[in-house]
Amino acid sequence: FLRQGQPLGLGHAVGRARKHVGDESFAVLLGDDLIDPRDPLLDRMIEVHDQQYASVVALMPVPPEQVHLYGCAAVELTDEPDVVRITGLVEKPDPEDAPSNLAVIGRYVLRPEVFGLIDNLEPGRGGEYQLTDALNVLATGNGEGPILGVVFGGRRYDTGDRAEWIKANVLLGVEHDELGGELREWLINFTNGLKQSAIKGDQA
Ligand code: G1P
């Protein structure tokens, strides 16, 4: 474990891990982005990295009104249906500046050269050192090698949003080996109660 010390941004946090990673590719998993283990993503990203020896980020289409919450990618298609070549990355763009509705979700498989790019970062969106800005150097062809995106179509829970965090607990809880049965029964009773009070409310 290491501590970031100060909240200076994701780029800074990843840069702090340099001496633990050394000179090899590594994965970054943001803890508030839960990917359902039934829909594997990281394995596919590592496969694409190994085939192309490129840095790889996970992308997911989001509604246009949510793009400002994420890093956003301009992309070109490749021969592989789930893989795109990234030609630009913008951190939390205003809707009118968003190059697409493909959001960076919290999984990255990065080549070690990214540390050099992080060293050269200037503060970006929100005054923070943004990993997105370092990766944009690769996207615009000014770094060593390309950057690719794996487009994810599976189940993801963004627990950085409070309501989504509660929903993720319920969705994963009802599937849980030990707790699922009890939770499902409780939820059915609870929602029946909610429906009854809604009906009474309508009649009042
Ligand atoms: C971070 C990244 C952003 C990415 C997001 C995914 O933002 O800076 O590019 O899209 O994670 O969850 P944060 O959510 O930490 O503000």
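Selection within segment 17-32: residues that are modelled with pLDDT of 95 or more and under 13 Å from the mean Cα position of the chain (by Cα). The member of this set that is nearest to the ligand (Cβ to nearest atom) is LEU30. Can you find even one residue in segment 96-108 that is small (Gly, Ala, Ser), within 13 Å of the ligand (Cβ to nearest atom) and more than 16 Å from the chain's Cα centre (by Cα)? Yes, some residue in segment 96-108 is small (Gly, Ala, Ser), within 13 Å of the ligand (Cβ to nearest atom) and more than 16 Å from the chain's Cα centre (by Cα). Restricting the first member to segment 143-159 and to residues that are within 21 Å of THR87 (Cα to Cα), and the second to residues that are of a type in the set (A, V, I, L, M) and assigned to a loop (DSSP other than H, G, I, E, B), the beta-carbon pairs closer than 9 Å and six or more apart or on different chains are GLY145/ALA54; PRO146/ALA54; ILE147/ALA54; LEU148/ALA54; VAL150/LEU41; PHE152/LEU41.
What do you reckon, is ARG184 among the basic types (Lys, Arg), over 27 Å from GLU47 (Cβ atoms) and within 16 Å of the ligand (Cβ to nearest atom)? Taking the combined requirement at face value, the residue does not satisfy it. Regarding segment 38-48, can at least one residue be identified that is surrounded by 13 or more Cβ atoms within 10 Å (Cβ to Cβ), farther than 17 Å from VAL83 by Cβ and at pLDDT below 95? Scanning segment 38-48 turns up no residue that is surrounded by 13 or more Cβ atoms within 10 Å (Cβ to Cβ), farther than 17 Å from VAL83 by Cβ and at pLDDT below 95. Of the residues making up segment 114-140, just one is part of a loop (DSSP other than H, G, I, E, B), touching a strand residue (DSSP E or B) at 6+ places or on another chain (Cβ under 8 Å) and either under 16 Å from ALA58 (Cβ atoms) or more than 10 Å from the ligand (Cβ to nearest atom) (or both), namely THR140. Filtering segment 110-143 to residues that are farther than 21 Å from VAL21 by Cα and out of contact with any helix residue (DSSP H, G or I) (no Cβ under 6 Å at 6 or more places or on another chain) leaves GLU122, PRO123, ARG125, GLY126, GLY127, GLU128, ASN136, ALA139, THR140, GLY141, ASN142.
Restricting to segment 122-142, name every residue that is in contact with an Asp or Glu (Cβ under 6 Å, 6 or more places away or on another chain), surrounded by fewer than 22 Cβ atoms within 10 Å (Cβ to Cβ) and either among the small types (Gly, Ala, Ser) or touching a residue at least 60 places away in the same chain (Cβ under 8 Å) (or both).
Scanning segment 122-142 gives a single hit, GLY124.
Taken as a whole, the condition of being in contact with a strand residue (DSSP E or B) (Cβ under 6 Å, 6 or more places away or on another chain) and of a type in the set (D, E, K, R) does not apply to GLU65. When restricted to residues that are crowded, with 23+ Cβ neighbours inside 10 Å and assigned to a strand (DSSP E or B), segment 59-75 contains 4.
Annotation note: Cβ proximity below 8 Å between a residue of segment 59-85 that is among the charged types (D, E, K, R) and a residue that is within 16 Å of the ligand (Cβ to nearest atom) and part of a helix (DSSP H, G or I) (sequence gap 6+ or interchain) occurs for GLU65/PRO95.
The values are calculated or read from the model by the stated rules, or taken from the named source; none is laboratory data. Every value quoted in this text rests on a predicted model; they were computed, and no experiment measured them. A quick note on method: Cβ atoms are made from the backbone with ideal geometry, for glycine too, and the neighbour counts reach across all protein chains shown.
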